[in-house]
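The values are calculated or read from the model by the stated rules, or taken from the named source; none is laboratory data. This structure is a prediction, so every number in the text was calculated from the model and none was measured. Backbone-built Cβ (ideal geometry, glycine too); neighbour counts: all protein chains shown. In case anyone asks, the SASA skips ligands and DNA or RNA and just uses the protein heavy atoms, side chains included. Shrake-Rupley method; radii C 1.70, N 1.55, O 1.52, S 1.80 Å.
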Amino acid sequence: MKRIMIDYMKCDGCKNCTAACMQAHREEQGTIYDLDLTDPKNESRNHILSDGRGGYRPIFCRHCDLPECVMSCMSGALSKDSVTGVVSYDVNKCGSCFMCVMNCPYGVLKPDTLTRTKVIKCDFCMEKGGEPSCVKNCPKKAIWVEEVQA
Amino acid sequence: MNNCFGCNTCKSADKPLEEFIANLPMETSHHRVESQSTKCNFGLQGVCCRLCSNGPCRITPDAPRGICGANADTIVTRNFLRAVAAGSGCYIHVVENTALNLKNTALVKGKIKGERALERLCSIFGITSGDLYEKAEKVADAVLSDLYKPEYVKMELVEKLSYKPRFDKWKELGILPGGAKSEVFKGVVKCSTNLNSDPVDMLIDCLRLGISTGLYGLVLTNLLNDVLLGEPELRTAPVGLRVIDPDYINIMITGHQHSMFVDLQERLIQPDAVAKAKAAGAKGFKLVGCTCVGQDLQLRGSHYKEVFNGHAGNNYTSEAILATGAIDAVLSEFNCTLPGIEPICEELKIKQICLDSVAKKANAEIMEFDFAKREQQSNEIIDKIVGAYILRRGKINVDFSNADKEWKPLIDMLVGAYNSIHQDVNLNLMPEHGNDHTLTGVSEVSLKEFLGGKWKPLIDLIVAGDIKGIAGVVGCSNLTAGGHDVLSVELTKELIAKDILVLTAGCSSGGIENCGLMTPEAAKLAGPKLRAVCEKLGIPPVLNFGPCLAIGRLEIVATEIAEELGVDLPQLPLVLSAAQWLEEQALADGAYGLALGLPLHLGLPPFITGSKVAVKVLTEDMKQLTGGQVIINPDAKESADILEKIIMEKRSALNI
Ligand code: SF4
Ligand code: SF4
Ligand code: SF4
Ligand code: SF4
């Protein structure tokens, strides 16, 4: 299975991955130029945090081997695909209890800003062909995809 | 040879050039497009603010305001106004130097090549008294005194230079510019941190800067150059890398300030200068046109056929031109002189001399143009260039036949030894590139003369629908928007196929001409009606007005046609496209187009899409304000359809 690997030393906090993720998950089609950067509907699934010392902590979903989010989800909205390894989220099954948010050890998951009824979850850009948009758009090559043992 | 340096060169509309560049043993900008393909998406939308040390601030749903409180609209328009002000400043610098050169020429009673052009300016400015030189001085002074006015004093020539309905509109909108240099200053001040935060107010300022840029930086620079250098005359001339003649010492010029080359141009053909070239083993000197100053030389080339060999290409062709190995020196004086030429010049031992410190290149020798010392400077430049030639590809070619018998064998031996160890720079010429009969010398005057001294024949063709409308494809060349000149060339082809006559100016011209669209044979690419017109008149469907400065000429054509029809500019079936705009200067030009009320197509957005207000004002509200409108579309076919639709709407509004 594939995982996004991170070298935080290389990240310069440009948030291109953030904009790319927003672009990959927007509802209406369009180019990066007309992506509404102020619209919370276009929330990003990754977060770039400052480490407080001039560096950055890129936070990306690990699609964990033993995903705490999946294990804590009582309604079956989160599941790990045994073939691809991707941890995916089904909004229709979600009960909005946010146990997953509390249990993600990396703090990746969060309730959506607008309605607080669903979870904002990285889907490894499966709809975009499984090639993470964030990775493609990182100018520093701080993030990349690696095949890991499942 | 195939020691490819990176093999990932970008596409070019000019396929032979694309191949040439892909096979070069050195890196060019075309090789770097790939490695710069990850763009900062916040930068692209214009919502990255670096105005203060709290920043850079970027806009996201979590952070819709910068630390200071500026929202996306404020950040975008501040950035945009900065860019327009800088672009305006560049053109105002050019017109200032041109006017100074005219004034100085008048004071020393130097050569005035365009007496008719001077009379034209005098009649526009209302100057009636004085001899040739006094008049030239008065014209230059009138321009300079306007440029130097404070921002709160309106420039005097604006009304004289502009079309009445436009002037009235500008007055009504309160966008008549004060002193052009001060307007740049005001623009820069306004968009500094924690000053203006009103997006509409800043966009209105862009229009004001557009007017001063257009009338002074564009229109007047051309007309002043006409006086100094002679008016454009229609003729055909060679274009492309073929214009480089390896038998000569070749000097490539880049920039925008043609008036700085007046003296040198004359000197290069004097017998003593030619003798120096001959002694070094060359036949003489040739100027090779590149970028806009090359287009300007091409335009007026009938006045100095001997020294000017033709226009080789635009800004992003300059590296290829140098890579031929046959260029011995680069004289640069303004923008579009890519920093990327420096390592190539170093590698190929090409001498770089810079004539204006605003465009000082890192490894160029600076020789700031000084009118009073121009003759001495020309001589120095010639000597340095001959020196470079000898180092690069010179042979000792002095006639020693009369030397003392005793010394002759020794001299022969030394000359022979030198010639045998001297290693020439490799030549990698492209003698087939381009074509040798591109129509050039088109100006508002020469075109009108061609039409029999009046615009009526052209208007009749438009009214009859043989020419559906006119599109100005202007501005720069860049390496994005499909690749080098790809969008400009494709769009031009689409437009002419729709029977729309295309007029060009700027580096876009350089690409379009190298692709052959300005030769009479290109008529066959036009729609049936335009093709018939072109074949009857023996002209191409794309008319080249030359440098980007000549956007000013194009707008004179538009104004004169509007005047003859008794309508305002926005009513004409006329559109503009700066499809591959590159620089801040292009944005200032664009602001002029909008002030004139013309639809302006851009292939790439000017870093404004992060602001809904900026997008709305520029693409929609502008129609009510000035009549103009920005259209953003990177697709040639779609863009041509949109522009055609606008032309058709304007035609039906005019009942034609
Ligand atoms: S918020 Fe939804 S996905 Fe997360 S644990 Fe609760 S039900 Fe499962
Ligand atoms: S892989 Fe796709 S969904 Fe996940 S963080 Fe990257 S861009 Fe967002
Ligand atoms: S795109 Fe790359 S460098 Fe930029 S913030 Fe994301 S991980 Fe860091
Ligand atoms: S001026 Fe405002 S938006 Fe710009 S960097 Fe400073 S705080 Fe951020």
key: Those residues of region A:126-145 which are more than 14 Å from chain B (Cβ to nearest Cβ) and at pLDDT 95 or above, in sequence order   = A:V145
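Those residues that are near ligand 1 (Cβ under 10 Å from one of its atoms) and surrounded by 14 or more Cβ atoms within 10 Å (Cβ to Cβ), I need them from region A:76-86; list them, please. So that I can check it myself, show each step before the final result.
Pass one, region A:76-86, residues near ligand 1 (Cβ under 10 Å from one of its atoms): A:76-79.
Answer for region A:76-86, where residues must be near ligand 1 (Cβ under 10 Å from one of its atoms) and surrounded by 14 or more Cβ atoms within 10 Å (Cβ to Cβ): A:A77, A:L78, A:S79.
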request  = Would you point out the residue of region B:37-60, among those that are open to solvent by less than 40 Å² (accessible area, probe 1.4 Å), more than 9 Å from ligand 4 (Cβ to nearest atom) and without any contact (Cβ under 8 Å) to a residue 24 or more places away in the chain, that is farthest from A:L35 (Cα to Cα)?
outcome  = B:T38
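Check every one of the helices (runs of 4 or more DSSP H) wholly within region B:1-103 and list those with 2 or more residues that are within 14 Å of chain A (Cβ to nearest Cβ). It would help to see each step written out before you state the result.
On the way: elements: B:15-22, B:29-32, B:41-45.
Per the criteria, B:41-45.
Are there any helices (runs of 4 or more DSSP H) wholly within region B:413-528 with 1 or more residues that are aromatic (F, W, Y) and in contact (Cβ under 8 Å) with a residue 24 or more places away in the chain, and if so which?
Numbers: elements: B:444-450, B:456-464, B:486-497, B:507-514.
Where helices (runs of 4 or more DSSP H) fall fully within region B:413-528 and carry at least 1 residues being aromatic (F, W, Y) and in contact (Cβ under 8 Å) with a residue 24 or more places away in the chain, they are B:444-450.
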Any chance A:I59 is out of contact with any Cys (no Cβ under 7 Å at 6 or more places or on another chain), within 21 Å of A:S133 (Cα to Cα), within 16 Å of ligand 3 (Cβ to nearest atom) and within 14 Å of chain B (Cβ to nearest Cβ) = yes
remark   = Being under 17 Å from A:M5 (Cα atoms) and more than 14 Å from chain B (Cβ to nearest Cβ) narrows A:C64, A:C94 down to just A:C64
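Take the residues of region A:23-35 that are facing chain B (nearest Cβ under 8 Å) and open to solvent by less than 40 Å² (accessible area, probe 1.4 Å): which is nearest to B:D62 (Cα to Cα)? Steps first, please.
Going residue by residue through region A:23-35, those that are facing chain B (nearest Cβ under 8 Å) are A:23, A:32-35.
When the remaining residues are screened for being open to solvent by less than 40 Å² (accessible area, probe 1.4 Å), the result is A:32, A:35.
Working: A:I32: 18, A:L35: 15 Å.
Among them, the one singled out is A:L35.
Do the conditions hold for B:I656, that is, is it over 28 Å from B:C292 (Cα atoms) and at pLDDT below 95?
Values: over 28 Å from B:C292 (Cα atoms): yes; at pLDDT below 95: yes.
Yes, satisfied.
In region B:171-185, which residues are within 20 Å of B:C90 (Cβ to Cβ) and of a type in the set (D, E, K, R)? Reasoning before the result, please.
So the first thing to find is which residues in region B:171-185 are within 20 Å of B:C90 (Cβ to Cβ), and the list is B:177-185.
Across region B:171-185, the qualifying residues are B:K181, B:E183.
For region B:344-360, which positions are of a type in the set (D, E) and more than 19 Å from the chain's Cα centre (by Cα)?
Of the residues in region B:344-360, the ones of a type in the set (D, E) are B:346-347, B:356.
Within region B:344-360, B:E346, B:E347 meet the criteria.
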ask   = Could you give every pair whose Cβ atoms fall below 6 Å, whose first residue belongs to region B:600-619 and is within 18 Å of B:N41 (Cβ to Cβ) and open to solvent by less than 10 Å² (accessible area, probe 1.4 Å), and whose second residue is β-branched (V, I, T) and assigned to a loop (DSSP other than H, G, I, E, B), counting only separations of at least 6 or pairs across chains?
value = B:A614/B:I608
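Hey, among B:V288, B:V293, which residue is in contact (Cβ under 8 Å) with a residue 60 or more places away in the chain and of a type in the set (V, I, T)? Talk me through it step by step, then tell me what you get.
Values: B:V288 fails: in contact (Cβ under 8 Å) with a residue 60 or more places away in the chain.
Exactly one of B:V288, B:V293 is in contact (Cβ under 8 Å) with a residue 60 or more places away in the chain and of a type in the set (V, I, T), namely B:V293.
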inquiry  = Between B:V184, B:V188, which is open to solvent by 10 Å² or more (accessible area, probe 1.4 Å), under 23 Å from B:A99 (Cβ atoms) and within 16 Å of ligand 4 (Cβ to nearest atom)?
reply    = B:V188
query = Can you tell me how many residues in region A:96-133 are farther than 19 Å from A:C69 by Cβ and in a helix (DSSP H, G or I)?
reply = 3
query = Given A:D112, A:D90, A:D123, which one is loosely packed, with under 14 Cβ neighbours inside 10 Å, under 15 Å from the mean Cα position of the chain (by Cα), at pLDDT 95 or above and within 16 Å of ligand 2 (Cβ to nearest atom)?
reply = A:D90
inquiry  = Within region A:62-77, does at least one residue satisfy the condition of being within 16 Å of ligand 2 (Cβ to nearest atom) and assigned to a strand (DSSP E or B)?
reply    = no
ask   = Considering A:G30, A:G13, which residue is assigned to a loop (DSSP other than H, G, I, E, B), within 21 Å of B:R65 (Cβ to Cβ) and either at pLDDT below 95 or within 14 Å of ligand 2 (Cβ to nearest atom) (or both)?
value = A:G13
request  = Could you tell me whether any residue of region A:49-65 is over 28 Å from B:I75 (Cβ atoms) and either touching a Leu at 6+ places or on another chain (Cβ under 7 Å) or open to solvent by 50 Å² or more (accessible area, probe 1.4 Å) (or both)?
outcome  = yes
